[in-house]
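Peer 1: Dumping the structure here so I can ask a few things about it.
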Amino acid sequence: MNVKAMGISMKHLKTTGAVLALALSAGVAHAAPVPVDLNTWEADSKGGASWNIQPGDDAVLQTVNGEPTIFFEPGTNAQGTALSGKITVQTNSDDDFIGFVLGYQDNELFSSTSDFILVDWKQLDQNFDGFAPEGLAISRVTDAANGNFWDHSNGVTEIERATNLGSTGWADNTEYSFDIIFNPNLIQVFVDGVLELSTTAAEAGVAAFDNGSFGFYNYSQSNVLYSALEEREAPPEDPTDMPVPASLMLLGAGLAALGLRRRRR
C-alpha cells in the first residue's frame, strides 16, 4: 500500500485503527498465512542441543543449555516470505540467547565462508567469551566456524540494535509474538506488533542478502518454545509501503468493524 500514491497524508490517519483498516482495504497481505510443518526441518549444532517437535507439528522446543544451534528447513529459499509465530522461554534458569537466522544454508554453522543473517536476543548483560549486552540485535555472519557469537566479533558483525528492545532483554515465562519479513534488500522484525529492526542490504554491506532458509537460533539457553508458526507472502520492499505484521491483521479488522458500527449509529 503506497500511502503517498493514494494522496493521503499521515497526519490525517488519526488512529491505529485507521492505519490498519486502510492497510487491510489495500490488501497488504497478499495471501493467507500457511501453518509451518516442522517435520522437514533439521538441526545444526556446535554441541549440546535437543530440538523437539511438538504435537501439531507447528511448534518446537529446544531443551538444552549448549553451544550455538540452528533449527531450519534445508534446501529452501525463504526470500519473499514472512515468518510469524510466538517465542517463549519456559524457565527462569539462565539469561542467554534466543532468536532466528535468515538466508541460512545446510552446515553453514561450521563454515568459514558462511553468509547469513542472525537475529539474537540476550536477556541480561554478561561477560563470558567477551561482553554480551542485554537486548535484541541483528548481525551478519561471515565466518560461523570461527566467529564469536557471544560478543558479535571475528566473523559475526553486528549491524544494528533494535529500536525499543536494543538494550532490553526478554522476560522469563513470557510469550512474545514475532513477525519476520525477508526480502532480498530489506529485513524487518516485529515483536508484539512493533517494528524493532528494519535493515537494508546496503546497511549489511552487501548488494543483496543471500537467499536461504528461515531458522530458529539458540545459544546457551534451555527450554525455548517456538510455536504457532506460519508463513505468508512478504509485503513489498518499497519503503513508502506500510507492511502490516500478521499478528495485527485481526486487530485491524476489529477496529475497522468498530468504526463502521459507530458510523451507522
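What follows is calculated from the coordinates using simple rules that are stated; it is not laboratory data. Bear in mind that the values here come from a model prediction, so they are computed numbers and not experimental data. Note that each Cβ is placed from the backbone with ideal geometry, even for glycine, and that neighbours are counted across all protein chains shown.
Peer 1: Work out the length of the dipole vector of the stretch 31-234 about its Cα centre, built from +1 on the beta-carbon of each Lys and Arg and -1 on the beta-carbon of each Asp and Glu, and round it to the nearest 20 debye.
Peer 2: In total the dipole reaches around 140 debye.
Peer 1: Ok, one more. Would you please put 71-78, 50-57, 218-225 in order of how densely packed they are, using the mean number of other Cβ atoms within 10 angstrom per residue and starting with the highest?
Peer 2: Answer by packing, highest mean first, reads 218-225, 71-78, 50-57.
Peer 1: With the Cα gyration tensor of the stretch 31-234 giving a ≥ b ≥ c as the square roots of its eigenvalues, does the rule (a/c under 1.5 for rounded; else a/b larger than b/c for prolate; else oblate) give rounded, prolate or oblate?
Peer 2: Because its axes are fairly even, with a/c under 1.5, the stretch 31-234 counts as rounded.
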